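Here is the structure we will look at.
The values are calculated or read from the model by the stated rules, or taken from the named source; none is laboratory data. Just so we're clear, the structure is a prediction, and the values are computed from it rather than from any experiment. Please note: Cβ atoms are built from the backbone with ideal geometry, for glycine as well, and neighbour counts cover all protein chains shown.
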Amino acid sequence: MLVLLQTDYHCVSTAAARIIAAWVRRDPALVLGLATGGTTIGMYRELSRMHREEALDFSKVVTFNLDEYIGLAPDHPHSFHSFMHQNFFSHVNIPPAQIHIPDGSIQTGYEEYCASYEAAIREAGGIDLQVLGIGRDGHIGFNEPSSSLASRTRPKTLSRSTLADNCRDFARGEEMPTAAITMGIGTILEARHIMLIASGKAKAKAVAKAIEGPITASVSASALQLHPDVTFVVDEDAARELSQCDYYRRVMEMTAKLTPKRLW
């Protein structure tokens, strides 16, 4: 596990975008797992800028998103389809046929649909790089506390804390979905490489539990300790609860001295 300690949210966004860009340049046909949420917006803006100003080519990239609310059509303004198109897909050149996001508008046949999403990932050759955020309770995707560490893509009822965190995205009086389709923890762990980004004091306890705490279904991100290639890109505030924070800071300082123009 590698922890890249950054100064602030802007630095987290830039570092995460540069890591993805390096992967895309190395493997133009990268299979990329993507996440939504406020933390990812800066990263998507930087990737869009790199496409526009540095000719970063996404034309062969295949994407799979982690999750989608159940009950929202793709064109709903609060769907993750809309989020991804507004913040990323409409600004780069990934062909629509290569974009995969769970369909939250289906009303029946969830088991068959989720199995087909897993099959599509396998048919694409598996996910090369999976991008994750983290919830305040340590969840990844919508794998709420108590989710099986072997879970696959499935419908999941949202916890009270997740509903409280996400309700700010909905107008007062607007009904918020209470369930979602999400990749499972087992699905996520099958990615060849994983990058989790986090920013802000509110994520500090979750980050510490994910990196240094016991592996437990109560904190689904702790399952990342089982993976051989995980990078956490976190700012000072999100890292403040880490007992080894000073160590990670020294590593970053030494790395910057050795390779001042490129950290990955």
Checking Ala29 against (1) over 20 Å from the mean Cα position of the chain (by Cα); (2) surrounded by fewer than 16 Cβ atoms within 10 Å (Cβ to Cβ); (3) small (Gly, Ala, Ser), which test does it fail?
(1)
Identify all residues within region 73-94 that are under 22 Å from Glu118 (Cβ atoms) and part of a loop (DSSP other than H, G, I, E, B); write none if there are none.
Pro74, Ser79, Ile94
Among (1) surrounded by fewer than 21 Cβ atoms within 10 Å (Cβ to Cβ); (2) touching a helix residue (DSSP H, G or I) at 6+ places or on another chain (Cβ under 7 Å), where does Arg154 come up short?
(1)
Within the set of pairs 6+ apart or on separate chains, which have a first residue in region 17-43 that is under 13 Å from Gln130 (Cα atoms), a second that is at pLDDT below 95, and C-beta atoms under 6 Å apart?
Ile19/Trp264
Test each condition in (1) in contact with a Gly (Cβ under 7 Å, 6 or more places away or on another chain); (2) assigned to a helix (DSSP H, G or I); (3) at pLDDT below 95 for Ala164 and report the one that comes out false.
(1)
Exception for Leu132 within (1) among the hydrophobic types (A, V, I, L, M, F, W, C); (2) in contact with a Ser or Thr (Cβ under 8 Å, 6 or more places away or on another chain); (3) surrounded by 20 or more Cβ atoms within 10 Å (Cβ to Cβ) falls at (2)
In region 109-122, is there at least one residue being without any contact (Cβ under 8 Å) to a residue 24 or more places away in the chain, of a type in the set (Ser, Thr, Tyr) and closer than 19 Å to Phe170 by Cα?
no
Being closer than 20 Å to Ala35 by Cα and touching a Phe, Trp or Tyr at 6+ places or on another chain (Cβ under 6 Å) is the filter here; which residues of region 103-121 pass it?
Gly104, Ile121
Residue check: is Thr187 of a type in the set (S, T, N, Q) and either part of a loop (DSSP other than H, G, I, E, B) or touching a Ser or Thr at 6+ places or on another chain (Cβ under 7 Å) (or both)?
yes
For Pro145, indicate whether it is of a type outside the set (Ser, Thr, Tyr), touching a residue at least 40 places away in the same chain (Cβ under 8 Å), outside any strand (DSSP E or B) and under 16 Å from Ser79 (Cβ atoms).
no
